[in-house]
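Undergrad: This is the structure I want to talk about, given as C-alpha cells.
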Amino acid sequence: MSKFRFHKLAAIVVLIGFAAWIGTGEFSSVGSASADNQKAAEAGKAGQPKAEDAAPARIVKVVKPPRDEHARAIRISGLTEADKRAVLATRVGGIIDKLPVKQGDRVKTGDLILMLAAEEKISAVDNAKALLAQRKAELDASERLAKSGNLPKLQLDTARSNLAAAQSQLDAAQAELERNEVKAPFDGVVDRVPVELGSAVMQGGEVATVLALDPVIARGEVSERDLGYLKVGDKASVRLVSGRTVEGTVRYISRDASSATRTFRVEIAIPNADGSIPAGMTAEIALSAQPTDAVVLPRSVVTLGNKGDLGIRAVDKADKVVFFPIDIVDDTPGGLVLGGIPADARVIVAGQELVTEGDVVQPVEASADEIKKLVGDTASTQ
C-alpha cells in the first residue's frame, strides 16, 4: 500500500516538473538557442549589421538637369471678335433715299451709310441759309449807317439779334436734316445691310452693322490660379482653327470673375490690317507670362507624394530619397518644364515609383540615351 503511494507521489512530481519546463517556452535545444541569442547580442554590441540591414540599397537612375529661364505658358481656348461692333439704326422713320454702301465695303469715320428722303427738311435748310445771308447784309448796312451817325444804336442791336436768330434757325434745320442720315461711327467694314433702297424703315430700325477688325481681338478665360502670372502688355500666340498662328499682345485682363466659372476674361489684340482674320473664329491662345527658373524633364518623372501632391523624387547628399512639389511651367514636345526644383537636386528618372521618402538608395547617373528614351516613351503616350 505504501509502495503504491510512493509511485503515485513520484508521478505527480514528474508531472509538475514537466509542466514547469513547458512553461519556459523553450522547446528547442536550450544550448543552441542561448548560443544564438548570445551571438546576436555580441554582434549588436560590436556594431555589426543585422541580417535584415545587410540587404543592398536599391539602384535608381538620377540626373542633374540643366537650368534655364523659361516663360510660363498658359493655354486657354477662345475665339476671335471685332475690336468694335456697332449696329446702326435710324433716329427717325422714313423712306430710304440713298444707300451708297453694301456688305463688305470699307468705310471711314463719318462716311454716309444711309439717308432717308427729306425734301421738306432740305428746303428748310435752304430757306434758313437764305435768311442768314439776308440778315448778314442787313447788319453790314446797319453798321455802316451807325458809323456815319445816321442809325440809332438800338436799330444796330436789333440787326445783330436778327442775325443770331437766323444762325440758330439754320443750325436747327441742319440738325433736323442730319437726323435723316446714318453715318459710320468709326473706320471699319460694313458687315450687314438688312435693308434695300426705297424701303421704309421705322424710327430705331436696324439698317447696318459695322465692324472694326484692326486689331482683331482673341478673347478667352483664365483661371484664378493663373491670373497672378499675367499682366497687360504680355505677348501671346494665337492658333486659329484654320491652322494659322498669329502673334498678339494682352490688352485687357478683367478684374471681375465670372460667377459661374470663376474665370477672368482676357483680351489679346492682334494686328489685322488686311482684315484676313474674321470675328467669331475658334482659337487656341498661348499666353507667355514672366520667365521663371525651371528645368526640362521627361513626363514620367512626375509622381505623387505621401500627401497626394504632384512632384518629383530626388536624392540628397546622403543618398536618401526626398520629395519636391513642382510647378508645371509648360508642356513641350521635349518634356515638361518644371519649376520649384532646388538647384542641387539629383532627380530620379527611373525607379522613383519603387522608393519612398527617407529610403537610402544607390544613385546612378542616367545616360543621354536613357533620357532620350524616356522622353520618347512619354511623348508617344500623349
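Undergrad: Taking θ as phi - 60°, what are the ³J(HN,Hα) couplings along segment 338-344 by the Karplus curve (6.51, -1.76, 1.60), each to the nearest whole Hz, with x for Gly and Pro?
TA: Those phi angles translate into 10, x, x, 9, x, 5, 9 Hz.
Undergrad: Tell me, what is the FRET efficiency for E119 and L145 to the nearest 0.05, using R0 = 30 angstrom and their Cβ-Cβ distance as r?
TA: Numbers: r = 40 Å, r/R0 = 1.32.
Plugging the Cβ-Cβ distance into 1/(1 + (r/R0)^6) gives 0.15.
Undergrad: A further question follows. With θ taken as phi - 60° and the coefficients 6.51, -1.76 and 1.60, list the Karplus ³J(HN,Hα) couplings across segment 132-147 in order, rounded to whole Hz; mark glycine and proline as x.
TA: Result, ordered by residue: 4, 4, 5, 5, 5, 5, 4, 5, 4, 5, 5, 5, 5, 5, 5, 5 Hz.
Undergrad: Still on this structure, I have one more. Probe of 1.4 angstrom, ligands and nucleic acids ignored: what's the accessible area per residue over segment 258-354, in square angstrom?
TA: Working: 4350 Å² over 97 residues.
Normalised by residue count, the accessible surface of segment 258-354 is 45 Å².
Undergrad: By per-residue mean of other Cβ atoms within 10 Å, what is the highest-first order of 208-214, 249-255?
TA: Details: 208-214: 21.7, 249-255: 14.7.
Per-residue Cβ counts within 10 Å, averaged per peptide and sorted highest first, yield 208-214, 249-255.
Undergrad: Now for a separate question. For segment 314-368, just run the numbers: alpha carbon Rg, then divide by 2.2 N^0.38 Å, N being how many residues it has. Please list the in-between numbers first.
TA: Values: Rg = 12.1 Å, N = 55, 2.2 N^0.38 = 10.1 Å.
Compactness ratio reported: 1.19.
Undergrad: With θ taken as phi - 60° and the coefficients 6.51, -1.76 and 1.60, list the Karplus ³J(HN,Hα) couplings across segment 185-195 in order, rounded to whole Hz; mark glycine and proline as x.
TA: x, 7, 5, x, 10, 6, 8, 9, 9, x, 10
Undergrad: Return the FRET efficiency for the residue pair V364, D274: r is the Cβ-Cβ distance, R0 is 56 Å, and the value is rounded to the nearest 0.05. Please report the intermediate quantities before stating the final value.
TA: Values: r = 58 Å, r/R0 = 1.04.
Once rounded, the FRET efficiency stands at 0.45.
Undergrad: Give the relative contact order (percent, whole number) for segment 237-335; include only Cα pairs under 8 Å separated by 6+ residues. Let's see the in-between values first.
TA: Numbers: 108 pairs, mean separation 19.5, N = 99.
20 percent.
Undergrad: Let me ask another. What distance in nm separates the two pseudo spin-label positions at D316 and S259, each 7 Å out from Cα along the beta-carbon direction?
TA: Inter-label distance under the simple model: 5.0 nm.
Undergrad: In terms of modelled amide H atoms, which long-range or inter-chain residues lie less than 5 Å from the amide H of Y252?
TA: Sorted by chain and number, the residues that satisfy this are E267.
Undergrad: Taking amide H positions as placed 1.01 Å from N in the peptide plane, with prolines and chain starts having none, which residues 5 or more places from D105, or on another chain, fall under 5 Å of its amide H?
TA: V190
Undergrad: Using packing as a proxy for protection, rank 336-347, 91-102 so that the peptide with the highest average count of other Cβ atoms within 10 Å comes first. Let's see the in-between values first.
TA: Values: 336-347: 17.4, 91-102: 14.9.
Result, highest mean first: 336-347, 91-102.
Undergrad: I've got another one for you. Expressed as a whole percentage, what fraction of the accessible surface of segment 199-356 belongs to carbon and sulfur atoms when a 1.4 Å probe is rolled over the protein heavy atoms? Let's see the in-between values first.
TA: Details: 4010 of 7560 Å².
That share works out to 53 percent.
Undergrad: Could you provide, to the nearest whole Å², the per residue accessible area of segment 91-138 with probe 1.4 Å? Working shown, then result.
TA: On the way: 2840 Å² over 48 residues.
Spelled out: the 1.4 Å probe surface of segment 91-138, per residue, equals 59 Å².
The values are calculated or read from the model by the stated rules, or taken from the named source; none is laboratory data. The shown structure was predicted, so the numbers you read here are calculated from the model rather than taken from an experiment. Counting neighbours? That spans all protein chains shown, and the Cβs are built from the backbone with ideal geometry, glycine included. For the accessible areas, the whole protein counts, side chains as well, though only heavy atoms, and no ligand, DNA or RNA atoms are used. Shrake-Rupley method; radii C 1.70, N 1.55, O 1.52, S 1.80 Å.
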